[in-house]
Structure formats: structure tokens, C-alpha cells
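Notes follow once the structure below has been shown.
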Amino acid sequence: MGSLGVWLLRRWVAGGVCRCTARLDGRTVLITGANTGIGKETARDMARRGARVVMACRDLTRAERAAEEVRRATGNGNVVIRHLDLASTYSVRMFAKEFLGSEERLDILINNAGIMMCPKWLTEDSFETQMAVNHLGHFLLTNLLLPKLRSSAPSRVVVVSSLAHETGRIDFDDLFFAKRPYSPMTSYKQSKLANVLFSRELARRMKGGHLSGCAFTLK
């Protein structure tokens, strides 16, 4: 393989790279699942640009450890943690209520948290867990926070999806696998397709306003 082929392969494997360095001083960014992986690196980048970063996580011990790492790495002390369990609609509603009452603005909402390939579990709301965490929890959260997003306009909602959505199919008659055999991969693909469809519909409904929505897919 020639040097050009190697370069192209590396670019494809690496995926897109954000090279934006715009400052975000005075802006508030909310990131779900921000204590590990993509969420943590996103929190680090947003903090480095001067934003107030709210890390919404289920495990507060791990979240505080990650937040302290972000503070030290960026010199930005305006990085806080909040408890959020996306598998629980009660937790989502309580989080949104607290956020709306305590935060002055919300410029960027990054729906990043997700789970993958887990056994069939039902949440306290009787939802299949992958669909609940990956899509339904974020759908509810976004809608509850729309007033703050609108009042902070121009604002943005980012949904982290996956290339798995391309082969996904949503069975609206059996979202939670009550009638069909459960497949972890089928469930995951369904939830990731729901992410993309939600983002597109949100963008369509907000077209012409000062709130935008987009989905980013990962290889």
C-alpha cells in the first residue's frame, strides 16, 4: 500500500477531527456521560475554551474524579458535576428541574451518554434499557431543557450516534422486545437510529430559529 493509501486509511479509521478553537467564555455546556471516553474528552475541550461545563453522570464518584482531572488539565475551575440517570424518567425530570432553577443559560447540550450490547434489562419505567438510556432519556431531557436552550439562543443540541444506525430498524409495534427475541445488537442499532431521526426532526422543527440540532455518528 502506497503512502497515499496509508494516509487515507488512517483518516478513515480516525474519523472526523474537530479543529475549531473558538472561545466559549460565558457559555454553558451540558454533557451527559461526561466522566469517561468521548464525553470526558469533550468536557476537557469545552473547558479549555473557557466554557462552564456541567458534567451529568450517573456515578458521582467517578464524575468528580473526572471533573477534577479536567479542572487541572485546563485551569478552568468552572467545571461541575450533576447526578443524572438516563434509565430513570424520574431522575431525568429531577435533573431538568434543578438545572432550570439553578443555571442561567444553556448554550450547548451534548447528548453523549450511552450503553451498548447489554443483556435484556427493563428500567423502573419498564423500558428496554438500551432504548431508554440511548434515546428516550435524552429525548425527554432535551424537551425539558428547551426553554433554557431557547432563552440562551443561539444554542445547539448535539446527539452522539453511531454508524450502526445505518443498518438499524425501529419496530414501533415492539420497541422493548416483548414479542420478538431480544438481540443486543438489534436493540443498539434501533436506539442509534432513533438518535438520528430525533436529531433530524428537531432540526426541522427549529429551522429558521436560533436553536439547531445535529447528530454525529461514530465508526
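The values are calculated or read from the model by the stated rules, or taken from the named source; none is laboratory data. The structure presented is a predicted model; accordingly, all values stated were derived computationally and were not measured. Here the Cβ is made from the backbone with ideal geometry for all residues, glycine too, and neighbour counts use every protein chain on show.
Things worth noting here:
- Verdict on Pro184 being surrounded by fewer than 19 Cβ atoms within 10 Å (Cβ to Cβ) and in contact (Cβ under 8 Å) with a residue 60 or more places away in the chain: yes
- Taken together, Leu100, Leu144 contain a single residue that is within 20 Å of Arg205 (Cβ to Cβ), touching a helix residue (DSSP H, G or I) at 6+ places or on another chain (Cβ under 7 Å) and surrounded by fewer than 17 Cβ atoms within 10 Å (Cβ to Cβ), which is Leu144.
Residue by residue, here is whether (1) out of contact with any Cys (no Cβ under 8 Å at 6 or more places or on another chain); (2) farther than 25 Å from Lys192 by Cβ; (3) small (Gly, Ala, Ser); (4) part of a loop (DSSP other than H, G, I, E, B) holds:
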position: Arg65; (1), (2), (3), (4): yes, yes, no, no
position: Glu69; (1), (2), (3), (4): yes, yes, no, no
position: Leu109; (1), (2), (3), (4): yes, no, no, no
position: Asp125; (1), (2), (3), (4): yes, no, no, yes
position: Asn143; (1), (2), (3), (4): yes, no, no, no
position: Asp171; (1), (2), (3), (4): yes, no, no, yes
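- Among the residues of the stretch 73-103, those that are more than 15 Å from Leu144 (Cβ to Cβ) and either among the polar types (S, T, N, Q) or modelled with pLDDT under 95 (or both) comprise Thr74, Asn76, Asn78.
- If you go through the stretch 70-94 and pick out every residue that is free of Cβ contacts under 8 Å to residues at least 24 places away in the same chain and at negative phi, you end up with 4.
- Listed by first and then second residue, the pairs with beta-carbon distance under 6 Å, at least 6 apart or on different chains, first residue in the stretch 152-170 and modelled with pLDDT of 95 or more and surrounded by 14 or more Cβ atoms within 10 Å (Cβ to Cβ), second assigned to a loop (DSSP other than H, G, I, E, B) and among the hydrophobic types (A, V, I, L, M, F, W, C), are Ser152/Leu106.
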